[in-house]
Amino acid sequence: MVDKLQAIEKVTTLANNAFSMTSGRLRGSVHDMKNALKSYGENFHDFPQESKEAVFMSVKYAQLLKAMIDTPLLDQEGNLVLSTERRIIDIAAVAEGKKDKLDTIAA
């Protein structure tokens, strides 16, 4: 039982750190996007490339947060889902720019 709880603690700490890092990056990119809207208006085609990338990054970080929210930590019996740790590490790697996209989840 202790090992089970320690594994859950490890994964939830990892998830908390990844969520905090990703949401912090989302806040920064949303700030950049707001500045672009103030400077260039609402027509995306008028944005310089840097501002277009800020919009893209806002969407990307929001999608990563959604992926984290959709990632189950425990199954119906309260056991740690074995793929969760890999998924959280994958999400963090994408948020940090170490990878371009998330790995495909096996159905």
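Summary of values
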{"quantity": "Region 61-72, residues that are among the aliphatic types (A, V, I, L, M) and open to solvent by less than 60 Å² (accessible area, probe 1.4 Å)", "calculated": "62, 64, 65, 67, 68"}
{"quantity": "Members of region 27-60 found to be open to solvent by 40 Å² or more (accessible area, probe 1.4 Å) and either among the aliphatic types (A, V, I, L, M) or touching a residue at least 60 places away in the same chain (Cβ under 8 Å) (or both), listed by number", "calculated": "30, 33, 37, 57, 59"}
{"quantity": "In region 75-107, residue surrounded by the most Cβ atoms within 10 Å (Cβ to Cβ) [restricted to those that are in contact (Cβ under 8 Å) with a residue 40 or more places away in the chain and within 12 Å of residue 15 (Cβ to Cβ)]", "calculated": "91"}
{"quantity": "In region 2-26, the residues that are free of Cβ contacts under 8 Å to residues at least 24 places away in the same chain and within 28 Å of residue 69 (Cβ to Cβ)", "calculated": "3, 5, 6, 9, 13, 16, 20, 24"}
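The values are calculated or read from the model by the stated rules, or taken from the named source; none is laboratory data. Because the structure is a prediction, the values reported are computed rather than measured. For neighbour counting, all protein chains shown are included, and Cβ atoms are generated from backbone atoms with ideal geometry for every residue, glycine included. We work out accessible area using only protein heavy atoms, side chains counted, and drop any ligands, DNA or RNA first. Shrake-Rupley method; radii C 1.70, N 1.55, O 1.52, S 1.80 Å.
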